[in-house]
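Everything below concerns the one structure shown next.
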Amino acid sequence: MTLRNKQIVIAVTGGIAAYKTAQLVREAQAEGAQVRVVMTASATSFVAAKTFQALSGNPVAITDNGLFDQAGMDHIALARWADLIVIAPASANSIAKLTHGEADELLYALCLAHQGAVAVAPAMNQQMWSNAATQENLKHLADRGFLIWGPADGAQACGEVGPGRMLEVTALLQLMIRQFENSAFAAQHILITAGPTHEAIDPVRYIGNRSSGKMGFALAEAALAAGAHVTLIAGPTHETCNSRIRLINVVSAAEMHHAVFQQVDDCDLFIGCAAVADYRLTDVASEKIKKSDNTLCLELTPTADILSDVKQAKPTLFCVGFAAETEHTIEHASEKLIRKNLDMIIANNVSCSDQGFNSDYNSVEIITADNQESIARMRKTTLAIKILDAIHKQLINHKEKSNVRFLKKSHST
Ligand code: PMT
């Protein structure tokens, strides 16, 4: 499922090709995408909103008497939710409105508020397509980063023949899939840790933490989409991943340490995203500890630090750590960057309940020895792509400094 976990808004504007968009919604869902449909008022005269509601399984967002909010889906919430907006069909009128930044319908306000990619799949009469106004509008949109998908050439609903047909559903689907793929890490082996570790107290109890694994799994999916071979070593978590990711399940910090060292030899990049326990029980009770009225003291021993040990064993391997902090985030993370001799650390403040641990959202600071970049709160799936982009840029500097195997390999592929 190539669009697994992707959140896609499919927007329908007024055009006869709107009936094909129903199939696009189905196909995108079959590839694993979560789909929300937005319609302009004129689109509803071509296909009923109920059709899209039934297919997508979600309420359809339509501009309704100037009120944007329908079923709780206002344009800002949708803009944040979407990884990608695909406008199919995009009429000449909608293209003109997008060009001028109008916001008189939910779709256009949504596009103004959305920070990610917007694709338009034009569909119109061939004369309207060739008209200089349409062509200039599309050029403006392309210059602003809009993706222009199509149109195709051929017989049109109006009886004319020429350019202006909406691309076929299979072609649009392929473009959607390709949008989430790149080759930045082609043929590289990326090793990622994710989730918590559980340190046994006795046969039924353990010390754990609130990590869900979402961030590490999102990084693994983004690395896979960027062409990497991915090994994901995960502590106990409910997350699932693409079957092309090699998933190794572990429980304790010691097991994670062992698994990492079994994989690290042939890896090109190590990302330690797991919330590894800093302490384990000095002695794990072999039987369940019985309750009593006395205070119970557990003696804890520090666990081996996986990141520090990897960096010590493989000094030229590009190693990225995470820092989960509740105060003085940047200072504490910078100290860890130096102490663990890392190439990059991703600092997150985990004191807020709406991001960080066990949330779909996070905001981070990407810190290296000579740079610091703030990434605002966003979905972990999008954040993972941004973190990998930052790593890729930094690897180019790293290559100049240490001539690491990572870039030698990437040049030869
Ligand atoms: O899993 P989620 O619910 O999506 O939440 C994501 C997250 C909050 C867990 C993630 O963003 C995060 O911050 N991960 C690191 C958590 C952590 O353990 O931070 P730390 O500051 O205690 O550790 C610093 C670094 O050292 C981490 O990269 C950690 O993997 C590593 N470490 C820690 C202890 C140890 N024994 N070995 C290690 O390698």
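Within region 350-363, residues that are over 15 Å from Ala323 (Cα atoms) and of a type in the set (Asp, Glu) sit with their Cβ atoms under 7 Å from residues that are open to solvent by less than 30 Å² (accessible area, probe 1.4 Å) and within 8 Å of the ligand (Cβ to nearest atom), at 6+ positions apart or across chains, in these pairs: Asp360/Lys380. Out of all the residues in region 137-148, is one or more in a helix (DSSP H, G or I), in contact with a helix residue (DSSP H, G or I) (Cβ under 8 Å, 6 or more places away or on another chain) and open to solvent by 30 Å² or more (accessible area, probe 1.4 Å)? Yes: region 137-148 contains one or more residues that are in a helix (DSSP H, G or I), in contact with a helix residue (DSSP H, G or I) (Cβ under 8 Å, 6 or more places away or on another chain) and open to solvent by 30 Å² or more (accessible area, probe 1.4 Å). Residue-level check: of (1) open to solvent by 60 Å² or more (accessible area, probe 1.4 Å); (2) closer than 24 Å to Arg280 by Cα; (3) without any contact (Cβ under 8 Å) to a residue 60 or more places away in the chain, Asn371 misses just (2).
The set of residues in region 168-217 that are hydrophobic (A, V, I, L, M, F, W, C), more than 21 Å from Ile306 (Cβ to Cβ) and touching a residue at least 60 places away in the same chain (Cβ under 8 Å) comprises Val169, Leu172, Leu173, Met176, Ile177, Phe180, Ala184, Phe185, Ala186, Ala187, Ile201, Val204.
Among strands (runs of 3 or more DSSP E) entirely within region 181-255, having at least 2 residues that are open to solvent by 20 Å² or more (accessible area, probe 1.4 Å) and more than 10 Å from the ligand (Cβ to nearest atom) singles out 246-249. Listed by first and then second residue, the pairs linking a residue in region 323-346 that is open to solvent by 60 Å² or more (accessible area, probe 1.4 Å) to a residue that is more than 8 Å from the ligand (Cβ to nearest atom), with Cβ atoms under 6 Å apart and 6 or more places separating them unless they lie on different chains, are Thr326/Ser351; Asn341/Lys311. Would you please name the residue that is nearest to the ligand (Cβ to nearest atom), looking only at residues in region 266-304 that are touching a residue at least 40 places away in the same chain (Cβ under 8 Å) and among the polar types (S, T, N, Q)? Across region 266-304, the extreme among qualifying residues is Thr303. For region 313-322, the tally of residues that are touching a residue at least 40 places away in the same chain (Cβ under 8 Å) and either of a type in the set (Val, Ile, Thr) or more than 12 Å from the ligand (Cβ to nearest atom) (or both) stands at 6. Within region 386-413, the set of residues being open to solvent by less than 70 Å² (accessible area, probe 1.4 Å) and modelled with pLDDT of 90 or more comprises Ile387, Leu388, Ala390, Ile391, His392, Gln394.
The values are calculated or read from the model by the stated rules, or taken from the named source; none is laboratory data. Since the model is a prediction, treat every value here as computed from it, not as a measurement. Ideal geometry is used to build each Cβ from the backbone, glycine not excepted, and the neighbour counts take in all protein chains shown. Ligands, DNA and RNA are stripped out before the accessible areas are found, and what is left, the full protein with its side chains, is counted by its heavy atoms. Shrake-Rupley method; radii C 1.70, N 1.55, O 1.52, S 1.80 Å.
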